[in-house]
Amino acid sequence: MPTNGDEQVGPRTEVLRRVLRTVRDESIAADLLFLEDWWAQQRQGIADYLRASQIRRANPTLAEEIRAELDRR
């Protein structure tokens, strides 16, 4: 899958691929891709942690499904 520097360009998980098919707002899609990337890379830094925490609180089920799928790999 292509990358942009250190960032993943597309979804890593099947669960996020399915969700993104229904998302029409680019900022929401970017947030969900960020969350998945954050889970995959366990980025350090308070700003990334806070952003990921906000997205997880807004989407707790999806966040857990992404995390579980990444953990199975």
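What follows is calculated from the coordinates using simple rules that are stated; it is not laboratory data. Bear in mind that the values here come from a model prediction, so they are computed numbers and not experimental data. With ideal geometry, Cβ positions are generated from the backbone for all residues, glycine too; neighbour counts draw on all protein chains shown.
The chain has equivalent-ellipsoid semi-axes of 16, 15, 14 Å, by the square roots of 5 times the alpha carbon gyration tensor eigenvalues, sorted largest first.
Near the amide H of N59, within less than 5 Å, lie no amide hydrogens of residues on another chain or at least 5 residues away, with H placed in the peptide plane. Taking label points 7 Å from Cα along the Cα-to-Cβ direction, R24 and E64 give a separation of 2.9 nm.
Couplings for the stretch 16-31, taken from phi via the Karplus curve 6.51 cos²θ - 1.76 cosθ + 1.60 with θ = phi - 60°, read 6, 4, 4, 5, 5, 5, 9, 7, 10, 9, 4, 5, 5, 4, 4, 4 Hz in order; Gly and Pro are left as x. Backbone geometry of the stretch 51-59 corresponds, through the Karplus equation with coefficients 6.51, -1.76 and 1.60 at θ = phi - 60°, to 3J(HN,Hα) couplings of 4, 4, 4, 5, 5, 4, 5, 6, 9 Hz, x marking Gly and Pro. Scalar couplings 3J(HN,Hα) for the stretch 42-50, obtained by applying the Karplus form with A = 6.51, B = -1.76, C = 1.60 to θ = phi - 60°, are 6, 4, 8, x, 5, 5, 5, 4, 5 Hz; x denotes Gly and Pro.
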